[in-house]
Amino acid sequence: ALLEAGCSDPRNTHFMFVSESCVPIRPMRELVRLLEMDNRSRFVWKAQEACNPEDVEKISRMQEVKKVRAGMGVHHSQWVLLERKLARKLVEDDATKLFEKCYAPDEFYFGTMLKLKGCDLEKQVVQENVTWTNWELGGKHPRMYREVNRELVATLAASGHYFARKFAKGSNIAEFKLHAYE
């Protein structure tokens, strides 16, 4: 529904999914400049057969999506940046209902459906995360930040990403005056 609404405005060239726990860490003008130089979509993806053994549960749940033949699945982060042409391909034939029983459907839907629609992900998607996340604690969830310090802010600034997550409501991230979007 978000992509459909966004695609209805011809001025929108790209679509980025972020959550309420994300914060911008670089100026919007830098992201716009990057997209003007190379307007391709951005997300790190893996073909289903290249997924790690620890992702076996996710992969096996993809089998529940009837429209997806074995080996056609694509796994990626849910934090994707889509350029307009690819977003429109997804809107033209909304298949989200097929993925309802799939484990973490937002980590399979975009890449898998684009591949099924004949998109060449290797040419049309830059293998690049635009959202920084700290998974160093291991497990199924990234680290949630309630208190932010200068070391973390320096890490975010050096990361090259445009957004960062996961910051709790009421965290002190605003004290550091990271780049607000104009």
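Can you list the GluC sites (Glu not before Pro) in the stretch 140-176 that are in a DSSP coil and have 14 or fewer other beta carbons within 10 angstrom?
Those that pass, being in a loop and sparsely packed, are E147.
With a 1.4 Å probe and every protein chain kept in, tell me what percent of the accessible surface of the chain is carbon plus sulfur.
Ligands and nucleic acids excluded, carbon and sulfur reach 51 percent.
Roughly how many Å² is the accessible area per residue of the chain, as a whole number, for a 1.4 Å probe?
59
When the helix-only estimate is applied to the chain (DSSP H runs of n ≥ 4, each -39,500 (n - 2.57), divided by the residue count), what is the mean residue ellipticity at 222 nm, nearest 500 deg cm²/dmol?
-7500 deg cm²/dmol
For Y145, enumerate residues with amide H under 5 Å from its amide H, sequence gap 5+ or separate chain, H modeled in the peptide plane.
K166, F167, A168
Which entries of K66/K115; K97/K117; K97/K140; K46/K123 show an alpha-carbon separation above 20 angstrom in the structure shown?
K97/K140
Just tell me the longest site-free run in the chain, where the sites are chymotrypsin sites (Phe, Trp or Tyr not before Pro) in a DSSP loop having at most 14 other beta-carbon atoms within 10 Å.
1-134
Answer with a single label: of (1) 133; (2) 170; (3) 122, which was calculated as volume of the Cα convex hull per residue in Å³ from the structure in view?
Answer label, from the structure shown: (1).
The values are calculated or read from the model by the stated rules, or taken from the named source; none is laboratory data. These numbers were taken from a predicted model, which means no experiment stands behind them. Heads up, the Cβs are rebuilt from the backbone with ideal geometry, glycines too, and the neighbour counts pull from every protein chain shown. Areas reflect the complete protein model, heavy atoms only, side chains present, ligands, DNA and RNA absent. Shrake-Rupley method; radii C 1.70, N 1.55, O 1.52, S 1.80 Å.
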